[in-house]
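Participant: Before I ask anything, let me first share the structure, which is written out below as structure tokens.
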Amino acid sequence: MSTLILVRHGQATPFEADTDRLSRLGEEQARAVGTFLAEAGVEPTDVFCGPLVRQRESARLAAESAAGEWPEPVVDPRLAEYDGDGLTRTLGPLLAARDPKFGALLRASEEGRLGPERNRHFQRMLEPLAEAYLRGEVTHPGVETWAAFRARVHAFLRELLTGPSGRTVLAFSSGGVIGVTVAAVLRAPDDSALTLNWRVRNGSLTRLTYGGGRASLDSFNETGHLDPDLTSWR
């Protein structure tokens, strides 16, 4: 049997012009992941990460903090998150143009972008937008579809499950990828993938045991290795 540990990247900068970099908190979360795994005696045989800066930097900082001989991370584009910027900047206005109720949510999110309630406004807007995206109700040629996103995550999982046994694999990715992976293992519908996605905290660990083409979920969204001042959803 083999073990897959899915690590969500540290906190990024979703409300800034450059959304794909780690915040200072995110850097500390990534280091805490590496320290915890090393102290727990986890010795990965394989390390993967998505191509996004926040994913690659999380893998790098975790490896540094582990201070061991982790393998060099393999960057796999299939572990990239769905296009969050494309959702909010491209698909959001398209949906708002035909759905006044959503348009009000989008305006509230934009107006509250710098305020203390920005996360609440953003989440209230993002959930119906992501649901419409998942159902294929709002699309654009420049934004990867949900079906394509799900297919590449499933492809990574299938390849892993049919690979060599006796591996301990770390995969640094994002909440959407983790949600899709867990939903696939549980044979849950797509809506469940989004529900899981909303709960995945920065720097959390999700563990699966797999072998013979099958996988089982051992834990979801572990955060016990993070001090209270190191926890965040966004």
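The values are calculated or read from the model by the stated rules, or taken from the named source; none is laboratory data. Note that the structure is predicted; figures quoted are calculated from it, not measured. Quick reminder, even Gly has a Cβ in these numbers, built from the backbone with ideal geometry, and neighbours come from all protein chains shown. Accessible surface areas use protein heavy atoms only, side chains included; no ligands, DNA or RNA. Shrake-Rupley method; radii C 1.70, N 1.55, O 1.52, S 1.80 Å.
Participant: Which condition does PHE15 not pass, out of (1) open to solvent by 10 Å² or more (accessible area, probe 1.4 Å); (2) on the phi < 0 side of the Ramachandran plot; (3) modelled with pLDDT of 95 or more, if it passes all the others?
Facilitator: Going through (1) open to solvent by 10 Å² or more (accessible area, probe 1.4 Å); (2) on the phi < 0 side of the Ramachandran plot; (3) modelled with pLDDT of 95 or more one by one, PHE15 breaks only (3).
Participant: Restricting the range 91-109 to residues that are surrounded by fewer than 16 Cβ atoms within 10 Å (Cβ to Cβ) and among the charged types (D, E, K, R), which is farthest from ARG135 (Cα to Cα)?
Facilitator: ARG107
To keep it simple, each residue is scored yes or no on (1) more than 30 Å from ALA104 (Cβ to Cβ); (2) under 15 Å from the mean Cα position of the chain (by Cα); (3) among the small types (Gly, Ala, Ser).
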{"site": "VAL7", "(1), (2), (3)": "yes, yes, no"}
{"site": "GLY34", "(1), (2), (3)": "yes, no, yes"}
{"site": "VAL42", "(1), (2), (3)": "yes, no, no"}
{"site": "PHE48", "(1), (2), (3)": "yes, yes, no"}
{"site": "ALA63", "(1), (2), (3)": "yes, no, yes"}
{"site": "ASP76", "(1), (2), (3)": "yes, yes, no"}
{"site": "GLU81", "(1), (2), (3)": "no, yes, no"}
{"site": "GLY86", "(1), (2), (3)": "no, no, yes"}
{"site": "ARG89", "(1), (2), (3)": "no, no, no"}
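Participant: Sticking with this one: Report, by residue number, each residue of the range 170-225 that is open to solvent by 30 Å² or more (accessible area, probe 1.4 Å), part of a helix (DSSP H, G or I) and over 19 Å from LEU160 (Cα atoms).
Facilitator: Within the range 170-225, ASP190, ASP191, SER192, THR195, LEU196, TRP198, ARG199 qualify.
Participant: What's the number of the condition ALA66 fails, among (1) farther than 26 Å from HIS154 by Cα; (2) out of contact with any Gly (no Cβ under 6 Å at 6 or more places or on another chain); (3) open to solvent by less than 80 Å² (accessible area, probe 1.4 Å)?
Facilitator: Of the numbered conditions (1) farther than 26 Å from HIS154 by Cα; (2) out of contact with any Gly (no Cβ under 6 Å at 6 or more places or on another chain); (3) open to solvent by less than 80 Å² (accessible area, probe 1.4 Å), the odd one out for ALA66 is (2).
Participant: Can you run down the residue pairs with Cβ atoms below 8 Å, 6 or more apart or on separate chains, where the first is in the range 204-218 and β-branched (Val, Ile, Thr) and the partner is open to solvent by 30 Å² or more (accessible area, probe 1.4 Å) and not in a strand (DSSP E or B)?
Facilitator: Here the result reads THR209/MET1, each pair linking the range 204-218 to a residue that is open to solvent by 30 Å² or more (accessible area, probe 1.4 Å) and not in a strand (DSSP E or B).
To keep it simple, each residue is scored yes or no on (1) touching a residue at least 24 places away in the same chain (Cβ under 8 Å); (2) among the polar types (S, T, N, Q); (3) touching a strand residue (DSSP E or B) at 6+ places or on another chain (Cβ under 7 Å).
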| position | (1), (2), (3) |
| --- | --- |
| VAL74 | yes, no, yes |
| ALA80 | yes, no, no |
| GLY84 | yes, no, no |
| ARG89 | no, no, no |
| PRO93 | no, no, no |
| PHE102 | yes, no, no |
| GLY112 | no, no, no |
